[in-house]
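Nothing in this text is a laboratory measurement; each read-out follows from the coordinates by a stated rule. Every value quoted in this text rests on a predicted model; they were computed, and no experiment measured them. Glycine gets a Cβ as well: all are built from the backbone with ideal geometry, and neighbour counts include every protein chain shown.
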Amino acid sequence: MKAKKQNLKVLAEGLQAGLRSGSVNVSHLFLTSYARMGLTETEAMLLIHLMTFIEKENKDFPTLEEIRSRLAASEDIVIKSWQRLLENGFLSIEESQDIFTGVRYERYNLDLLFGKLAALWVEENGTEYKEEPRKPEREKNLFAVFEKEFARPITPMELETISGWLDQDGYKEELIFAALKEAVFAGKVHFRYIDRILLDWQRNRIQTVEQAKEHGQKFRTRQ
């Protein structure tokens, strides 16, 4: 009996740890703004589940059936919600190519959603905006490299994320560059993935680019 209780305790602790590590980064701005953007509860949850598939399960193009199975809505409502998200420019489907095999595949892209969120924030806060002091040269360089790798201008939210990495989180500029390169190498060029890399390095006390490379090689060897 005592052994059984001990096993259950270990199981509970394992589940608790799993729940802590299994969270998905959902923008606070999205949670507080989706209704004002004209999204229904089903559409908002559909987008959140897509973030989960992409971030946590490495599924860039889950099937409609996989999406529907996680929503408390009928198949008809889920399909109509999915269609509205595409038609209204909250979601897009793009074709990508595997850098190793050359195989082409489809993937969901949420950049349109984040662009709308950024535009909404600017619209609602633009009158209160005051010009900030000129950005240090290091940030200008970072912004330029990110725009080059993303092949598009970065949004105000993304600018804020990069500044936060430097000023609030204290990440070194060279480590941010290295995390971006790692994301490009993995074919997952989006800010949430880069943030996960930086958090992983922070947890493992990675301080230099050399340590980051060594850590990445060990991780890939275990795969």
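Candidates Phe30, Thr40, Pro62 compared by Cα position along the dipole of region 18-93: farthest toward the positive end lies Phe30, with charges placed on Cβ. Taken about its Cα centre, region 135-223 carries a charge dipole of about 420 debye when Lys and Arg each add +1 at the Cβ and Asp and Glu each add -1 at the Cβ.
Each of the peptides 141-148, 109-116 was scored by the mean count of other Cβ atoms within 10 Å over its residues; in descending order, highest first, they stand as 109-116, 141-148.
Note on Gln97 and Arg70: the model spin-label points, each 7 Å out from Cα along the C-beta direction, lie 3.0 nm apart. In this structure the amide hydrogen of Lys188, modeled in the peptide plane, comes within under 5 Å of no amide hydrogen from residues 5 or more places off or on another chain. Is the shape of region 25-125 rounded, prolate or oblate, going by the alpha carbon gyration tensor and its root eigenvalues a ≥ b ≥ c, with a/c under 1.5 for rounded and a/b larger than b/c for prolate? In terms of gyration-tensor shape, oblate. The HN-Hα couplings worked out from phi for region 34-50 by the Karplus form 6.51 cos²θ - 1.76 cosθ + 1.60 (θ = phi - 60°) are 4, 5, 5, 7, x, 8, 7, 4, 5, 5, 5, 5, 4, 5, 5, 5, 5 Hz, whole numbers, x standing for Gly and Pro.
Order these by the 10 Å Cβ neighbour count, fewest first: Thr32, Thr42, Thr208. Show your work: numbers first, answer last.
Numbers: Thr32 9, Thr42 18, Thr208 13.
In increasing order of surrounding Cβ atoms, one gets Thr32, Thr208, Thr42.
Arranged by the count of other C-beta atoms within 10 angstrom, fewest first, what order do Trp121, Trp165 take?
Working: Trp121 16, Trp165 21.
Taking fewest neighbouring Cβ atoms as first place, the list is Trp121, Trp165.
Counting beta carbons within 10 Å around each of Lys188, Lys213 and listing the fewest first gives the order Lys213, Lys188.
Model label sites at Lys148 and Arg36, defined 7 Å from Cα along the beta-carbon direction, differ in position by 3.7 nm.
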